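What follows is calculated from the coordinates using simple rules that are stated; it is not laboratory data. All values derive from a computational prediction rather than experimental measurement. Quick reminder, even Gly has a Cβ in these numbers, built from the backbone with ideal geometry, and neighbours come from all protein chains shown.
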Amino acid sequence: MELSYQHPWPATKPEAYAHQDQATRTVLIQEDTEEPSLIAAVDTAYGYASRFIYAAAVVMTFPDLQEIERSYAQMPVSFPYYPGLFYFREGPVIIRALADLDTDADLILVSAHGIAHPRRCGMACHIGIAFDKPTIGCARRLLAGHQKPVDTARGAWQPITFRGSEVGVVYRSKDNVKPIFVSPGHRCDITFAREIVVRCLRGFRLPEPLRVAHLLANKHKHYNETDRHHRQPQEIEQL
C-alpha cells in the first residue's frame, strides 16, 4: 500500500499533541463511502519488557473474507506510553507493516479508536490520513465519551457520545461477551463503520480481519522472541 502522507515523528509529548491537533483538522468524516472489495487490518503485540513492538497486517476480500496477503514488521519502542497518544508509540511499526503490502486495499481496519478519542483523533484517524483511505477503529475498551448499558445479546448496540455529539458505537459482537467500540477514523461515517464491522464478524468478539491480524502479530512476536534459534527465517511466512 502506498503512503500518501509522511511526517517527522515527534520526540516529546508537547510535539505529539501539536501534531495531533493538526491531524484533527484533516480528518474527514463523510457519508456515501463506497463498499470495499479489499480490506486491510493491522494489529500489534509487545515483546518482552515492551522493548520491541511487532505488527502484522492482513488483506482480505470483502464480503467473503478470504485472505490474499499478509505482512509483518518489528521496531524498537521509541515513544513513551501516554494515554491518547498511542499513534506515536505504535504508528511507525503499523505504517511499515501496511506499506509493505503489495495489495492496495480499499479500507483499513485498525485495532484502536477513530474519533471516539479525547482529542477526536485516535490511531485510526492518523492511519487513514497517512494512506488517504477509509479507515475504521475497532477497540476493546472505551477511551472517551459515554454510553448507555448494552444488552447482553449479540447485535445489541448503543451510541457513544462525547461532548454532545455521537462519535461511535459500542456493539455486542457475541452473546455475553464484552462489547467492541467502533468509530470512523477517516473518509467514512459512524453508520458505515458499524455496518462494515458487523459484516466482518464470524462468531468471535473481533471482526475477522482484525482477529487474524491479532493472531499473526502474536505469532510474529513469538517467532522473534522465543523460537528464532529453532526455525529457518523463511518459516515466518508460514505462520
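The magnitude of the dipole of region 79-219, with charges of +1 and -1 set on the Cβ of Lys/Arg and Asp/Glu and taken from the Cα centre, is near 580 debye. Averaging Cα coordinates gives a centre for region 35-108 and one for region 152-205; these two points are 20 Å apart. The alpha-carbon of Lys178 sits under 21 angstrom from the alpha-carbons of these lysines, leaving out residues fewer than 8 places away in its chain: Lys148. In summary, the aspartates and glutamates within cross-link reach of Lys174, defined as a Cα separation below 20 angstrom excluding same-chain residues under 8 places away, comprise Asp64, Asp151, Glu195, Glu208. Ordering Ala49, Met123, Gly137 by Cα displacement along the dipole of the chain toward the positive end leaves Ala49 in first place; charges were set at the Cβ atoms of Lys, Arg (+1) and Asp, Glu (-1).
Peptides 31-41, 51-61, ordered by how many other C-beta atoms sit within 10 Å of their residues on average, highest first, read 51-61, 31-41. Would you please state which residues of region 39-74 a label at Trp9 would reach in this model, taking the label point 7 Å out along Cα→Cβ and a backbone N cut-off of under 11 Å? Residues 53, 74 fall inside that zone. The charge dipole of the chain, taken about its Cα centre with unit charges on the Cβ of Lys, Arg, Asp and Glu (plus for the first two, minus for the last two), comes to roughly 1180 debye. Pairs of Cα atoms nearer than 8 Å and 6+ residues apart set the relative contact order; for region 1-143 it is 28 percent. In straight-distance terms, cross-link reach from Lys221 covers every one of the aspartates and glutamates whose alpha-carbon lies under 14 Å from its own, apart from those fewer than eight places away in the same chain; here that gives Asp43, Glu235, Glu237. Pairs of Cα atoms nearer than 8 Å and 6+ residues apart set the relative contact order; for region 103-175 it is 26 percent. Extension gain for the segment Asp21 to Ala99, taken as residue separation times 0.36 nm less the Cα-Cα distance, is 25.6 nm to one decimal. Among the chymotrypsin sites (Phe, Trp or Tyr not before Pro) within region 69-106, those in coil by DSSP and having at most 11 neighbouring Cβ atoms inside 10 Å are Tyr81. Sorting the Cα pairs of the chain by distance into bins of 5 Å, from 0 upward, gives 1, 7, 15, 19, 20, 17, 12, 6, 2, 1, 0 percent per bin. So for the chain, averaging the separation of alpha carbon pairs under 8 Å that are six or more residues apart and normalising by length, what relative contact order in percent results? Averaging sequence separation for qualifying contacts and normalising by length gives 22 percent for the chain. The gain in end-to-end length when the Leu215 to Lys148 segment is fully stretched comes to 21.0 nm, 0.36 nm per residue minus the alpha carbon separation.
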